[in-house]
Every structure is written in C-alpha cells, then in structure tokens.
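Take a look at the structure set out below.
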C-alpha cells in the first residue's frame with residue numbers, strides 16, 4: 001500500500017469515527033490491500049479480502065461515507081486482519 005492508502009486506512013480507524021472519507025479512496029485502498037471487488041445490484045458492492053466477505057452500499061448522491069458505513073468497514077477490515 002502506498003502512503004495515500006495508509007492515510008485512508010488510518011482515517012477509517014480514527015476516533016471519533018469520521019464521516020468525510022471518500023468512498024473512492026476506500027475502494028482504492030481495498031484494491032491495494034488485495035481485495036476482490038465486484039458490482040452487485042444497484043449501489044451494492046461485494047468485497048472479499050483474506051477469506052472474509054461483505055456487502056456494502058456505495059454512498060449516493062454524496063461521495064463521502066457515513067459514520068455507520070465507516071464502522072462497518074472498520075469491523076470488516078479487522079476481521080480480515082488489516083489494521084493501520
């Protein structure tokens with residue numbers, strides 16, 4: 001992972017939970033970590049990383065991820081063994 005991906009990962013694990021993380025940055029960080037990302041119906045995105053699978057919804061019309069999705073992403077990354 002490059003420096004920008006590491007900053008995105010650190011932002012996901014920041015306390016208090018942030019609500020201004022761009023979904024595009026999160027997807028880019030996941031790809032750099034080796035995640036397999038596939039499109040689902042509508043705004044659904046399926047993510048598989050280190051044997052752990054999850055489904056997320058891309059935020060729209062805004063591009064920033066809300067706090068609930070950031071908490072879910074944090075849980076997903078922890079289960080997949082990825083920490084800052």
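Tabulated values for the structure
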read-out: Every residue from region 56-65 that is touching a strand residue (DSSP E or B) at 6+ places or on another chain (Cβ under 7 Å) and either modelled with pLDDT of 95 or more or not in a strand (DSSP E or B) (or both); value: 58, 59, 63
read-out: Qualifying residue in region 62-75 (condition: under 11 Å from the mean Cα position of the chain (by Cα), under 16 Å from residue 1 (Cβ atoms) and surrounded by 12 or more Cβ atoms within 10 Å (Cβ to Cβ)); value: yes
read-out: Residues of region 8-26 classified as surrounded by 15 or more Cβ atoms within 10 Å (Cβ to Cβ) and without any contact (Cβ under 8 Å) to a residue 24 or more places away in the chain, total; value: 3
read-out: Search result, residues across region 71-84 that are in a helix (DSSP H, G or I) and out of contact with any strand residue (DSSP E or B) (no Cβ under 6 Å at 6 or more places or on another chain); value: 71, 72, 73, 74, 75, 77, 78
read-out: Output for region 35-55, where each listed residue is surrounded by 17 or more Cβ atoms within 10 Å (Cβ to Cβ) and in a loop (DSSP other than H, G, I, E, B); value: 35
read-out: Failed criterion for residue 32 (all others in (1) over 13 Å from residue 76 (Cα atoms); (2) surrounded by 16 or more Cβ atoms within 10 Å (Cβ to Cβ) hold); value: (2)
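The values are calculated or read from the model by the stated rules, or taken from the named source; none is laboratory data. Because the structure is a prediction, the values reported are computed rather than measured. When we count neighbours, we look across all protein chains shown, and the Cβ atoms used for this are built from the backbone with ideal geometry, even at glycine.
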